[in-house]
Amino acid sequence: MSERLEDIAVAMVANGRGLLAADESTATIKKRFDGIGLESTETSRRDYREMLVRADEAMRKYISGVILYEETLFQKAADGTPLVDVIRAAGSIPGIKVDAGAKPMTNFPAETITEGLDGLAQRLAKYHEAGARFAKWRGVIAISDTLPSQGAIRANAHALARYAALCQDAGIVPIVEPEVLMDGAPGDHSIDRSEAVTEWTLRLTFEALAEMRVKLEGMILKPSMVIDGKKARKASVAEVAERTIKVLRRTVPSAVPGIAFLSGGQTTEEATAHLSAINATHDLPWKLTFSYGRALQQEALSAWNGKAENVAAGQRAFSHRAEMCSLAAKGSWKKDLEKAA
């Protein structure tokens, strides 16, 4: 495969394919494993992620890239094959989460700044050598009647842009993820508020990217959809699609090759339905696809249940969900298709 950033970015959003976010931190995956009564160990985490990346149908047909946690990037499968090689053999691209998480922001109550820029250039060189060809950094934007502040948006936008510039210098495509929280406190904001904050956030993010001279053709945007808060869900699928597209048209340059949405607390069906509606109703300058974690994995995790004899069942569940997301990325998912499957 070409090593040009532009070519890698285009391959990441190839028609009908999207990204598997398997980059849960050790603390987050422990919570997921607690739900099925499985102890989180290096081996159990490896076994789970190996099950996903060895799901041949999903990986070859529907998954363009896999965002990995640092532990997984360097892990080997049970048979000794590096997991990065398993991913590449399936025609998918290995990626890596590189931020150090959102931390409380001094002087900005209830807001956060994502850390991890110190030493990032050196880490990126190590990740590139290990096979990673794209990376992810998540900025977290709290939303309420009074939040966010311009200071918090600007600080996170600047960090995203610095990260993106460092990635491109290392030959790695940056996924730029400014997430406006759907399910943060209090989570009762209207879709009007979500639209205004998302537009504001994306404007400042692209200003920062321009200031840092980031090559737009060699990056992917990973935004949240314009959706009302988890405790205030009233907007229809069509309204979410319409408002999301309106904001993207206003803020995202056409030079960006693709947009891979995060699911951000939506249910599996919501995330699929919204993506399909967005793609079905608009002719857009970018490829629009998925970069889902829970929305791709939850059914597979339940089917697997931590047992070796359930690996095939877990892979079937993952492949089914990946196929539904693929249909959504083409604008052709329908609820009746879901039920028929």
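The values are calculated or read from the model by the stated rules, or taken from the named source; none is laboratory data. On a predicted model such as this, the values are computed, not experimentally measured, just so you know. Positions of Cβ are generated from backbone atoms using ideal geometry, with glycine treated the same way; all protein chains shown enter the neighbour counts. Side chains are part of the model used for accessible areas, which takes the heavy atoms of the whole protein and leaves out ligands, DNA and RNA. Shrake-Rupley method; radii C 1.70, N 1.55, O 1.52, S 1.80 Å.
Restricting attention to segment 1-27, and to residues there that are under 12 Å from Ser92 (Cα atoms) and outside any helix (DSSP H, G or I), which single residue is farthest from the chain's Cα centre (by Cα)?
Out of the qualifying residues, it is Met1.
Just checking, which of Asp188, Asp183 is surrounded by fewer than 22 Cβ atoms within 10 Å (Cβ to Cβ), of a type outside the set (Val, Ile, Thr) and in contact (Cβ under 8 Å) with a residue 60 or more places away in the chain?
So the residue among Asp188, Asp183 that is surrounded by fewer than 22 Cβ atoms within 10 Å (Cβ to Cβ), of a type outside the set (Val, Ile, Thr) and in contact (Cβ under 8 Å) with a residue 60 or more places away in the chain is Asp183.
Within segment 144-156, can you find the residues that are modelled with pLDDT of 95 or more and either in a helix (DSSP H, G or I) or not polar (S, T, N, Q) (or both)?
Of segment 144-156, the ones modelled with pLDDT of 95 or more are 147-156.
Listed by number, the residues that qualify are Leu147, Pro148, Gln150, Gly151, Ala152, Ile153, Arg154, Ala155, Asn156.
For (1) under 24 Å from Gly18 (Cα atoms); (2) in contact with a Leu (Cβ under 8 Å, 6 or more places away or on another chain); (3) of a type in the set (D, E, K, R), each residue gets a yes or a no:
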residue	(1), (2), (3)
Gly151	no, no, no
Arg162	no, yes, yes
Glu179	yes, yes, yes
Met182	yes, no, no
Pro186	no, no, no
Asp192	no, no, yes
Thr201	yes, no, no
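Looking at segment 207-246, which of its residues are in a helix (DSSP H, G or I) and either touching a strand residue (DSSP E or B) at 6+ places or on another chain (Cβ under 9 Å) or within 26 Å of Ala273 (Cβ to Cβ) (or both)?
Leu209, Gly218, Val237, Ala238, Glu239, Val240, Ala241, Glu242, Arg243, Thr244, Ile245, Lys246
If I filter segment 98-134 down to residues being touching a Gly at 6+ places or on another chain (Cβ under 7 Å) and among the aliphatic types (A, V, I, L, M), which single residue comes out as nearest to Asp183 (Cα to Cα)?
Ala100
Filter segment 111-137 down to residues that are within 16 Å of Val66 (Cα to Cα), touching a helix residue (DSSP H, G or I) at 6+ places or on another chain (Cβ under 9 Å) and surrounded by 19 or more Cβ atoms within 10 Å (Cβ to Cβ), then give me how many there are.
Going through segment 111-137, the residues within 16 Å of Val66 (Cα to Cα) turn out to be 127-128, 130-137.
In the following step, the residues that additionally are touching a helix residue (DSSP H, G or I) at 6+ places or on another chain (Cβ under 9 Å) were identified as 127, 130-135, 137.
Narrowing further to those that are surrounded by 19 or more Cβ atoms within 10 Å (Cβ to Cβ): 127, 131-135, 137.
Residues that pass the stated criteria total 7.
Please tell me if Leu301 is in a helix (DSSP H, G or I), in contact (Cβ under 8 Å) with a residue 60 or more places away in the chain and not polar (S, T, N, Q). Break it down stepwise before answering.
Values: in a helix (DSSP H, G or I): yes; in contact (Cβ under 8 Å) with a residue 60 or more places away in the chain: yes; not polar (S, T, N, Q): yes.
Answer is yes for this residue.
Looking only at segment 264-289, which residues are of a type in the set (Gly, Ala, Ser), open to solvent by less than 40 Å² (accessible area, probe 1.4 Å) and part of a helix (DSSP H, G or I)?
Residues satisfying the conditions are Ala271, Ala273, Ser276, Ala277.
Tell me whether segment 290-302 contains one or more residues that are open to solvent by less than 40 Å² (accessible area, probe 1.4 Å), farther than 30 Å from Ala170 by Cβ and at pLDDT 95 or above.
yes
Can you tell me which of Ala159, Ala100, Ala135, Ala164 is within 19 Å of the chain's Cα centre (by Cα), among the hydrophobic types (A, V, I, L, M, F, W, C) and in a loop (DSSP other than H, G, I, E, B)?
Ala100
Residues checked against (1) touching a strand residue (DSSP E or B) at 6+ places or on another chain (Cβ under 8 Å); (2) in a helix (DSSP H, G or I); (3) under 30 Å from Ile153 (Cβ atoms); (4) touching a residue at least 12 places away in the same chain (Cβ under 8 Å):
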position: Asp47; (1), (2), (3), (4): no, yes, no, yes
position: Glu50; (1), (2), (3), (4): no, yes, no, yes
position: Gly80; (1), (2), (3), (4): no, no, no, no
position: Ala110; (1), (2), (3), (4): no, no, yes, yes
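State the number of residues belonging to segment 1-55 that are open to solvent by 20 Å² or more (accessible area, probe 1.4 Å), β-branched (Val, Ile, Thr) and under 20 Å from Thr289 (Cβ atoms).
1
Among the polar types (S, T, N, Q), out of contact with any Pro (no Cβ under 8 Å at 6 or more places or on another chain) and open to solvent by 60 Å² or more (accessible area, probe 1.4 Å): is that true of Thr146 in this structure?
yes
Hey, does segment 103-110 have a residue that's of a type in the set (Ser, Thr, Tyr), open to solvent by less than 40 Å² (accessible area, probe 1.4 Å), farther than 20 Å from Ser25 by Cα and at pLDDT 95 or above?
No, segment 103-110 has no match at all.
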